[in-house]
Amino acid sequence: MRLAQVLFSQGFGTRRECDNLILAGEVRLHGEVVDDPAHEVDPHGLVFNVEGKDWPFHEKAYVLMHKPAGHECSHRPSAWPSIYTLLPSPLRLRDVQAVGRLDQDTTGLLILTDDGALIHRLTSPKKHVPKVYEVGTAQPVTEGQVAQLLAGVVLHDDPKPVSAAACEIVGERQLRLTLTQGKYHQVKRMVAAAGNEVLSLHRSRFGALVLPDDLAPGQWRWLAGPQDILGSGGAAPAR
Ligand code: URA
């Protein structure tokens, strides 16, 4: 693959901008400036350096972000900054998309990718990919509320009850809820339908992927690929 094509595929601008970065001596391979846009490289496992920063080549981008509060999962946010502002410009130019949305005030695990097939797979209600939420509630949680969430509650936009795949009390006002669907404000609406109110919401897990303790709010990191999310068998575990 031509070096200019590598840069272009990884989101470093138009073809002309990528050529110009290389011609300007801003691109290094193994510490050496390469100023020929037609220089041939094997992209697999390649780490290239642009303007002093190392970039691993990723044919598709799979990114894990710790979403902070006060950010919208939208390219055109209405009131709060967009989560996309937390990514470097090559990832924004590659047009990575959040896999489902978290509310402005929800924190935790967010996956972003430019792999459309994976987005479809992870958001399809038929695939039952589990998402785990840590829920802080206004009122003490009761066994009755847990039973309702497991049995199914009716939300105003759908007569069919929606149920949690798992639900446990983890504190006086703290629930751990596992959902396999992703309806609008689903956790908040389910908890309200069960007679309580969500005061804080944090997603700790998505499929096989657990939010690492050492990833601070607002930070992101590369994932190796879909297997990090789907697990080794390609299918997400039951919960
Ligand atoms: N359910 C909600 O209510 N909000 C979120 O952000 C995610 C799930």
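The values are calculated or read from the model by the stated rules, or taken from the named source; none is laboratory data. Because the structure is a prediction, the values reported are computed rather than measured. We place every Cβ from the backbone using ideal geometry, glycine too, and count neighbours over all the protein chains shown. These accessible areas exclude ligands, DNA and RNA; they are computed on the full protein's heavy atoms, side chains included. Shrake-Rupley method; radii C 1.70, N 1.55, O 1.52, S 1.80 Å.
Specify which of the listed residues (Lys127, Lys188) is in contact with a helix residue (DSSP H, G or I) (Cβ under 8 Å, 6 or more places away or on another chain), open to solvent by 20 Å² or more (accessible area, probe 1.4 Å) and of a type in the set (D, E, K, R).
Exactly one of Lys127, Lys188 is in contact with a helix residue (DSSP H, G or I) (Cβ under 8 Å, 6 or more places away or on another chain), open to solvent by 20 Å² or more (accessible area, probe 1.4 Å) and of a type in the set (D, E, K, R), namely Lys127.
For His58, are the conditions met, namely being assigned to a loop (DSSP other than H, G, I, E, B), closer than 30 Å to Arg205 by Cα and open to solvent by less than 70 Å² (accessible area, probe 1.4 Å)?
Criteria met by His58.
In the stretch 82-94, which residues are farther than 16 Å from Lys60 by Cα and open to solvent by 30 Å² or more (accessible area, probe 1.4 Å)?
Thr85, Leu86
If Arg203 satisfies all but one of (1) within 15 Å of the ligand (Cβ to nearest atom); (2) more than 21 Å from Trp80 (Cα to Cα); (3) open to solvent by less than 20 Å² (accessible area, probe 1.4 Å), what's the number of the condition it fails?
If we test Arg203 against (1) within 15 Å of the ligand (Cβ to nearest atom); (2) more than 21 Å from Trp80 (Cα to Cα); (3) open to solvent by less than 20 Å² (accessible area, probe 1.4 Å), just (2) comes out false.
Check Ala192, Ala165 and return the single one that is in contact (Cβ under 8 Å) with a residue 40 or more places away in the chain and not assigned by TED's automatic domain parsing to the domain that holds Leu109.
On inspection, the qualifying residue turns out to be Ala165.
Tally the residues that are more than 16 Å from the ligand (Cβ to nearest atom) and surrounded by fewer than 18 Cβ atoms within 10 Å (Cβ to Cβ), restricting the search to the stretch 63-79.
2
Residues of the stretch 130-170 being farther than 11 Å from Met190 by Cα and small (Gly, Ala, Ser), which ones?
Within the stretch 130-170, Gly136, Ala138, Gly144, Ala147, Ala151, Ala165, Ala166 meet the criteria.
Please pick out the residue among Gln97, Gln104, Gln139 that is open to solvent by 50 Å² or more (accessible area, probe 1.4 Å) and in contact with a Leu (Cβ under 7 Å, 6 or more places away or on another chain).
Checking each option against the conditions leaves just Gln97.
Can you report the number of residues in the stretch 190-213 which are of a type in the set (Val, Ile, Thr) and not in a strand (DSSP E or B)?
Looking only at that region, the number is 1.
Within the stretch 137-152, is even one residue touching a Pro at 6+ places or on another chain (Cβ under 6 Å) and touching a residue at least 12 places away in the same chain (Cβ under 8 Å)?
Within the stretch 137-152, not a single residue is touching a Pro at 6+ places or on another chain (Cβ under 6 Å) and touching a residue at least 12 places away in the same chain (Cβ under 8 Å).
Leu179 versus (1) within 14 Å of the ligand (Cβ to nearest atom); (2) open to solvent by 40 Å² or more (accessible area, probe 1.4 Å); (3) touching a residue at least 40 places away in the same chain (Cβ under 8 Å): which is the lone unmet condition?
Only one criterion in (1) within 14 Å of the ligand (Cβ to nearest atom); (2) open to solvent by 40 Å² or more (accessible area, probe 1.4 Å); (3) touching a residue at least 40 places away in the same chain (Cβ under 8 Å) is unmet by Leu179, namely (2).
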